[in-house]
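Comments concern the structure below.
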Amino acid sequence: MRVQRYSCNRCGSFTPTHPSVEDNHRYPRTASQLADSVDIFADASLEGIQDILTVHRGVRPADQQIHNCLTEPTAEIVENDLPVYSGVYTYDEQYLTVNGNRAYRLTIYDELMRAPVAETIVGDCTKETVRWFLTTVLEEKPTAVITTDGRSDYPEIVEDDLGAVHHRCNFHFIKNGEKSLHTSVFKSVRYTDTEKLQAAIVWSEFKSVFAAPSYAAGLRRFEAVLDKIEHLPSELRTYVEQVMENFDKFAVHLRDESVPSTTNNLERYYGHTKPTRIKRRFRSLQHGQAFLKRQMYVRTIKQGLISRNKSLSLGRELFPSLSVEQLQPLFTDSKQRYLSWRDHDVG
């Protein structure tokens with residue numbers, strides 16, 4: 001049997017309980033709160049969190065204790081609680097490592113609310129898994145447009161199962177074409193310097209189609225590219241032909257400015273919640289799901305277009321003693337402007 005006693009710094013007396021230590025816990029709340037903060041805002045291993053607690057709090061919990069502290073029960077799909085949903089979403093995946101095994105993080109992101117809608121971690125990223133995730137999450141939410149990368153499974157799921165418009169991410173599409181231009185054309189001995197120059201010029205004009213100021217302007221630019229398609233090597237001609245087959249799928253953002261041309265906002269969200277070179281590693285699926293829930297809240301607090309009170313409520317789910325004064329500096333410039341507009345409208 002182990003007996004725990006705490007010493008009072010003022011009088012030196014001992015007591016079996018201490019106000020800063022939760023019942024059935026060995027370490028003070030400040031230690032667990034610091035561990036939470038490091039896990040949420042930094043990319044640190046469990047051993048790294050151990051070292052930080054040792055230096056800053058004078059305690060060194062076992063790595064399993066830290067893991068247990070950072071883990072909480074969650075549903076299979078972690079969902080956000082936004083006041084409204086715009087119906088304009090982006091969807092993407094990233095791979096993670098859970099207990100040494102490859103896993104996938106699936107995310108649907110509300111572009112106009114600037115916050116994640118839902119996330120989950122799965123072992124296999126199959127077509128049926130993606131269909132299950134999207135149809136489950138969006139079943140009772142407005143769904144107008146979903147922007148994805150070029151995976152062939154997405155159009156059927158978005159258009160047939162969800163009844164929404166599928167928009168192809170221009171960034172991924174152009175990036176793949178740029179790779180072909182450099183590896184298959186510029187570095188090839190099959191093409192002369194003149195042919196390479198012509199290919200580069202026409203490709204540049206092709207890229208400008210997606211940056212046109214309007215749908216009509218984009219269509220005119222694309223028609224001009226079609227007049228010069230014979231100057232494109234076959235490796236690049238296939239990209240123009242894909243757009244020719246379904247121009248509207250690539251140009252939804254030109255018809256409606258609320259639709260993003262790329263999935264970059266979601267990609268940036270991923271960039272803020274994982275290391276740059278080594279994908280995020282978790283000891284257990286439960287820790288991974290809890291991490292996603294916390295990151296979803298942090299993103300919504302900092303950037304989501306929700307009120308101060310809703311932001312504070314989310315913040316206190318992560319940090320119970322968080323004040324409005326501590327919360328305010330976390331808001332991005334765009335959210336600060338949004339809140340100023342809200343204040344003006346209320347006034």
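The values are calculated or read from the model by the stated rules, or taken from the named source; none is laboratory data. Computed from a predicted model, the values in this text were never measured in an experiment. Cβ sites come from the backbone with ideal geometry, for glycine too, and all protein chains shown count toward neighbours. Ligands, DNA and RNA are excluded from the accessible area calculation, which covers all protein heavy atoms including side chains. Shrake-Rupley method; radii C 1.70, N 1.55, O 1.52, S 1.80 Å.
Couple of notes before you dig in:
- For the chain, the spread of Cα positions along each principal axis, largest first, Å: 89, 56, 35
- In degrees, nearest ten, helix 127-138 long axis to first principal axis of the chain (Cα): 70
- With the helix formula -39500 (n - 2.57) applied to DSSP H stretches of n ≥ 4, the chain reaches a computed 222 nm mean residue ellipticity of -14000 deg cm²/dmol.
- Acute angle (nearest 10 degrees) that the helix 234-245 long axis makes with the longest principal axis of the chain, alpha-carbon atoms: 80
- Between region 56-126 and region 136-204, the Cα center-to-center distance that results, in Å: 27
- Here the simple spin-label model places points 7 Å from the Cα toward Cβ, and for R308 and D256 these points are separated by 3.3 nm.
- Nonpolar atom fraction for the chain, defined as the carbon and sulfur part of the 1.4 Å probe accessible area, stands at 49 percent.
- The alpha carbons of region 203-253 give a radius of gyration and a Dmax of 10.2, 29 Å, in that order.
- As an equivalent ellipsoid, region 176-304 spans semi-axes of 38, 22, 11 angstrom, where each value is the square root of five times an eigenvalue of the C-alpha gyration tensor, largest first.
- Applying 0.36 nm per residue to the separation of E178 and L330 and subtracting their alpha-carbon distance, the gain on full extension is 51.0 nm.
- Acute angle (nearest 10 degrees) that the helix 170-180 long axis makes with the longest principal axis of the chain, alpha-carbon atoms: 70
- Binned Cα-Cα distances of region 76-182, short to long, each 5 Å bin given as a whole percent: 2, 12, 22, 23, 19, 12, 7, 3, 1, 0
- Under the convention that each Lys and Arg Cβ holds +1 and each Asp and Glu Cβ holds -1, the size of the dipole of region 149-224 around its Cα centre is about 500 debye.
- Local electrostatic count at E235 - Lys and Arg +1, Asp and Glu -1, tallied over other residues with Cβ under 15 Å: +2
- Taking trypsin sites (Lys or Arg not before Pro) across region 195-275, the ones in a DSSP loop with at most 16 further Cβ atoms lying within 10 angstrom of their Cβ are K228.
- With θ taken as phi - 60° and the Karplus curve 6.51 cos²θ - 1.76 cosθ + 1.60 applied, the whole-hertz 3J(HN,Hα) list for region 327-339 is 6, 3, x, 6, 5, 6, 4, 5, 6, 4, 5, 4, 5 Hz, x standing for glycine and proline.
- Point-to-point label distance, F41-E128, nm (Cα→Cβ direction, 7 Å offset): 4.4
- The simple Förster model, with R0 at 22 Å and r as the Cβ-Cβ distance, assigns Y95 and T238 a FRET efficiency of 0.20.
- Our estimate of slack between R60 and A224, defined as 0.36 nm per intervening residue step minus the Cα-Cα distance, is 52.4 nm.
- Candidates Q242, Q286, Q65: whichever shows maximal mean-square fluctuation once the chain is modelled as a Gaussian network with Cα springs under 10 Å: Q242
- Förster-model FRET efficiency, 30 Å R0, S340 and E140, C-beta, rounded to 0.05: 0.40
- Amide H contacts under 5 Å for L322, placed H, 5+ residues apart: none
- Those lysines that a straight Cα-Cα span of less than 29 Å connects to K207, excepting residues fewer than 8 apart in one chain: K175, K179, K187, K196, K228, K249
- Solvent-accessible heavy-atom area per residue, rounded to whole Å², over the chain at 1.4 Å: 53
- For region 29-38, Karplus couplings with θ = phi - 60° (6.51, -1.76, 1.60), whole Hz, Gly/Pro x: 4, 4, 5, 5, 5, 5, 4, 4, 4, 5
- Inter-site label distance for N265 and A211 at 7 Å from Cα along Cβ, in nm: 2.1
- Taking θ as phi - 60° and the Karplus parameters 6.51, -1.76 and 1.60, the scalar couplings of region 261-271 work out to 6, 9, 9, 4, 5, 5, 4, 5, 4, 4, x Hz in sequence order, x denoting glycine and proline.
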